[in-house]
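Notes to accompany the following structure.
The values are calculated or read from the model by the stated rules, or taken from the named source; none is laboratory data. These figures come from a predicted structure and were not determined experimentally. Cβ atoms come from the backbone with ideal geometry, glycine included; neighbour counts cover every protein chain shown.
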Amino acid sequence: MSLRVPPLLLSLPLLGIARLLPEHGFGLWLRLAAATLVLLVPGRLVARALGRSGPASAFVWSVGLVAAALALTFAVQASLTLTLVLVLCAGAVALPFQKRQVTDCYLRVPRTVALAGVGLGIALWGIEGVIKGDALFHLGRMRKLDDFGSLSLHAVDEFKDGGLHPGYAFPLWHAWLALVAKLAAIDPSAVVLHESSILAPLALVLAYEMGRQVFHSTWLAVATMLAQVAMIALAPGGGGAYTSLELPATTARQLLVPAVIALFFLFVRDPTWPLALTLAVAGMDLAFVHPTYALFIAIPLVGFALVRVLASGEDLRSSVGGLLSFGLPVVGVVAWLAPIVAETQSHNPTAADKANGFAQYATDLSVHSASSYHLLPGIFARTGAVAVAALVLAPFAALAARRRWSAFVLGGMVLMLALELSPVLFPRFSDLVSLSQSRRAAGFVPFAFALAGGAAVVARALRVLVLPFALAAGIVLQQLYRGDFGLHYAHGGGPALATWIALWGGLAGIVAAIVLARRGRGAYERTGMLAGLAVALFVLPVAVHGFAHWDKGSQRDANALTPGLVQFLRTKVPERSVVYADLETSYRISAYVPVYVADAPPTHVADTKANDPAGRRLVWLEFLRTHNLAIPRHYGAGWLVLRGDQQVGPGARLVYRDGRFRVYRL
């Protein structure tokens, strides 16, 4: 045992300096950056005490420590301050046990990757200006965690008389972000607005580590990172999903999933108990932050294990061990959530529920009957040139049959496509996770690995000619298939043929891989600089398009609250009070004020029996018709907020008025 002080500890004095600066501009950026680094320090220290290095281990342990501390906070009904103290104490306890040598010391992320992430984050900062959509829902949970004492699982709900949200019953990521706000001494809304800029470097670093562990090649790690960023952040324009890295779903997909993949393949290569424990923590983190995504990433990992054993007969014990390490905590979390999930309308839907789902997602589905339907094949190619090329190149992985990445691409691609395109399997899968979620599983096809691996195989065949070929292919595909990134698929994102090539070519590739591997062949790829440069040139047109469309988008919220109303509610209305208002106003009040509401837009509320969002909407319409104050009083509301020409009956006292809103005391 030797005392080593990691450079990351310098974030502590940096935070002290940052808190002396203003809460805007560079001062806000530095506060957020320093607070985020401070929160990563305990996870880094615990990981190194276990002999683990690398961003993936540090990040999952950081989130895992918050999970453990938050559970204890809920158990004793304390405030988030206790959570913060426990997390920092865990880091302090681990500090004396830092290992001088770590088992994965070969993994060092190039500084250029981190610097590129900082640059991307700065570019994102300038296009983040309005909190809207799902972000308001998550801001409401963060605010209650930050402001309330006596915390419990139900304390962070939007309804005082409602039920837990099955996807966010344990508000782990909300607590992580609320701790950033507490450390930085800023309002949680600033975290929701700009934390994605701070997390962008971490996203790039984790994507690099993911590629490094799968390919065991620095250049193909860079290629994987470039493919991931091009498809997710650049192809859609305006920063893509990277503008919402702070939201749980995006965090799970762009941060935790890459960490899980990196740790899983590291375990397959070198299984140890500290790594198994770290992988288990990663599974717990992902299951709490976004439960269905933990199931979705398990599918391609199982596909890898199956193809790897069939092709080479290797990695059986380590693959099973990795799947168990990751899967057991996930199963535990899912079992805990099961009673909550059973209360939702989307679980085991009725015929009417299915009909509504078919109507809502009509552009995404091919429906033969109520029990026979599947995703349209074009869905998989809708994210543009990178996805199209990845699907077409996937069968080429068979030529590298002796490599682990080959098994991951072939097994993950085929298993996921077969599940999503089968009219027999997809309905059962949708009944299990809901139709809304089963559609999202299409994003867990290993696109980035198929593109990077395919480039490595083509580079072996074409040698230096692969460079102009890659650039030309990137230009042509970007012109033909720029992607379809709307809420609903418009059948213009990509060719269905590419998906069928990936599925049937992938099946043939599995057979070919088995034959080649057993004959001692199947190492036909070039994993060096040539392959990495080929991917860089291929994604260059995508990057040009992305930065050419780097705009803010809509910066207006038609239903925004006035500053005066927010100030009045924060200063005059006690915490945990119930405020009654129309659906959109209630949704925003819950986000910006530490109070409860009695209704909200059904699309932003868990459709459980206790919440009954549709029923609450009907009750609000009844109030508009009758102005009966017994309705808000039924929900325990002591305050009523009305806008415009909305009327109220006798018995309410006007206590605030501005150009848009009136507040009444009941």
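Let's see how each residue does on (1) within 29 Å of Leu12 (Cβ to Cβ); (2) among the hydrophobic types (A, V, I, L, M, F, W, C):
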{"position": "Thr112", "(1), (2)": "yes, no"}
{"position": "Gly117", "(1), (2)": "yes, no"}
{"position": "Ile127", "(1), (2)": "no, yes"}
{"position": "Asp134", "(1), (2)": "no, no"}
{"position": "Ser150", "(1), (2)": "no, no"}
{"position": "Glu158", "(1), (2)": "no, no"}
{"position": "His165", "(1), (2)": "no, no"}
{"position": "Pro171", "(1), (2)": "yes, no"}
{"position": "Ala181", "(1), (2)": "yes, yes"}
Counted residues in region 182-211 being crowded, with 23+ Cβ neighbours inside 10 Å, of a type in the set (Val, Ile, Thr) and over 27 Å from Val222 (Cβ atoms) come to 2
- [ ] Kindly indicate whether Glu195 is of a type in the set (Asp, Glu), in the same structural domain as Arg402 (by TED's automatic domain parsing) and outside any loop (DSSP other than H, G, I, E, B).
- [x] yes
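Scan Ala472, Ala517, Ala461 and give me the residue that is over 30 Å from the mean Cα position of the chain (by Cα), closer than 28 Å to Val222 by Cβ and at pLDDT below 90.
Answer to the check: Ala517.
Hey, could you check region 608-629 for residues that are among the basic types (Lys, Arg) and more than 17 Å from Thr585 (Cβ to Cβ) and say which is modelled with the highest pLDDT?
Step one: list which residues in region 608-629 are among the basic types (Lys, Arg), which gives 609, 616-617, 625.
From what's left, more than 17 Å from Thr585 (Cβ to Cβ): 609, 625.
On the way: Lys609: 84, Arg625: 92.
Filtering region 608-629 for residues that are among the basic types (Lys, Arg) and more than 17 Å from Thr585 (Cβ to Cβ), the one modelled with the highest pLDDT comes out as Arg625.
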Q: Determine if region 636-648 includes at least one residue that is in contact with a strand residue (DSSP E or B) (Cβ under 8 Å, 6 or more places away or on another chain) and acidic (Asp, Glu).
A: no
Checked pairs for region 24-40, first touching a residue at least 24 places away in the same chain (Cβ under 8 Å) and under 13 Å from Trp125 (Cα atoms), second among the charged types (D, E, K, R) and surrounded by 20 or more Cβ atoms within 10 Å (Cβ to Cβ), C-beta under 9 Å and 6 or more apart or across chains, list as Leu32/Glu195
Is one or more of the residues making up region 179-190 touching a Ser or Thr at 6+ places or on another chain (Cβ under 7 Å), closer than 22 Å to Leu393 by Cα and modelled with pLDDT of 95 or more?
no
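Here is a yes/no grid of residues against (1) in contact with a helix residue (DSSP H, G or I) (Cβ under 6 Å, 6 or more places away or on another chain); (2) surrounded by fewer than 22 Cβ atoms within 10 Å (Cβ to Cβ); (3) in contact (Cβ under 8 Å) with a residue 24 or more places away in the chain; (4) not hydroxyl-bearing (Ser, Thr, Tyr):
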| site | (1), (2), (3), (4) |
| --- | --- |
| Ala543 | yes, yes, yes, yes |
| Asp551 | no, yes, yes, yes |
| Gln555 | no, yes, yes, yes |
| Leu569 | no, no, yes, yes |
| Glu575 | no, yes, yes, yes |
| Val579 | yes, no, yes, yes |
| Thr585 | no, no, yes, no |
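Give the residues of region 381-420 that are over 28 Å from Thr218 (Cα atoms), in contact (Cβ under 8 Å) with a residue 60 or more places away in the chain and touching a helix residue (DSSP H, G or I) at 6+ places or on another chain (Cβ under 6 Å), sorted by residue number.
Here is the first cut: in region 381-420, the ones over 28 Å from Thr218 (Cα atoms) are 382, 417-420.
From what's left, in contact (Cβ under 8 Å) with a residue 60 or more places away in the chain: 382, 417-419.
Once the filter is applied, which keeps residues that are over 28 Å from Thr218 (Cα atoms), in contact (Cβ under 8 Å) with a residue 60 or more places away in the chain and touching a helix residue (DSSP H, G or I) at 6+ places or on another chain (Cβ under 6 Å), region 381-420 yields Leu417, Leu419.
Applying the selection to region 513-534, what residues are within 24 Å of Gly211 (Cβ to Cβ) and assigned to a helix (DSSP H, G or I)? First the steps, then the outcome.
Of the residues in region 513-534, the ones within 24 Å of Gly211 (Cβ to Cβ) are 513, 516-517, 522-534.
Hits for region 513-534 are Ala513, Leu516, Ala517, Met529, Leu530, Ala531, Gly532, Leu533, Ala534.
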query = Is it the case that region 632-655 has a residue that's farther than 23 Å from Gln567 by Cα and hydrophobic (A, V, I, L, M, F, W, C)?
reply = no
* Asked: Quick one: would you say Arg616 is in the same structural domain as Thr585 (by TED's automatic domain parsing), closer than 22 Å to Lys160 by Cα, in contact with a strand residue (DSSP E or B) (Cβ under 9 Å, 6 or more places away or on another chain) and among the charged types (D, E, K, R)?
  -> yes
- [ ] Tell me, yes or no, whether region 274-286 has at least one residue that is under 22 Å from Val191 (Cα atoms), surrounded by 24 or more Cβ atoms within 10 Å (Cβ to Cβ) and either under 18 Å from the mean Cα position of the chain (by Cα) or at pLDDT 95 or above (or both).
- [x] yes
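Each row is one residue, and each column tells you yes or no for (1) in a helix (DSSP H, G or I); (2) under 30 Å from Ala233 (Cβ atoms); (3) modelled with pLDDT under 90.
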site	(1), (2), (3)
Phe304	yes, yes, no
Leu324	yes, no, no
Ala338	yes, no, yes
Lys354	yes, no, yes
Ala359	yes, no, yes
Val386	yes, yes, no
Pro395	yes, yes, no
Leu410	yes, yes, no
Only one of (1) touching a residue at least 60 places away in the same chain (Cβ under 8 Å); (2) in contact with a Pro (Cβ under 6 Å, 6 or more places away or on another chain) does not apply to Ser318, and that is (1)
| task | Would you check if there is a residue in region 620-639 being assigned by TED's automatic domain parsing to the domain that holds Arg660, outside any loop (DSSP other than H, G, I, E, B), in contact (Cβ under 8 Å) with a residue 60 or more places away in the chain and touching a Gly at 6+ places or on another chain (Cβ under 7 Å)? | result | no
Among the residues of region 412-420, are any of a type in the set (D, E, K, R), under 26 Å from the mean Cα position of the chain (by Cα) and surrounded by 24 or more Cβ atoms within 10 Å (Cβ to Cβ)? yes
Just one listed residue, out of Phe429, Phe485, is closer than 25 Å to Leu226 by Cα and aromatic (Phe, Trp, Tyr), and it is Phe485
The residue from Asp551, Asp557, Asp599 that alone is touching a Gly at 6+ places or on another chain (Cβ under 8 Å) and part of a loop (DSSP other than H, G, I, E, B) is Asp551
Exactly one of Ala513, Ala517, Ala472 is assigned by TED's automatic domain parsing to the domain that holds Gly443, hydrophobic (A, V, I, L, M, F, W, C), surrounded by fewer than 22 Cβ atoms within 10 Å (Cβ to Cβ) and farther than 25 Å from Ser436 by Cα, and that one is Ala472
Being touching a residue at least 12 places away in the same chain (Cβ under 8 Å), crowded, with 18+ Cβ neighbours inside 10 Å and among the hydrophobic types (A, V, I, L, M, F, W, C) narrows Ala508, Ala591, Ala496, Ala523 down to just Ala591
Item to check | Flag if Glu246 is out of contact with any strand residue (DSSP E or B) (no Cβ under 8 Å at 6 or more places or on another chain), of a type in the set (Asp, Glu) and under 28 Å from Arg48 (Cα atoms) | outcome: yes
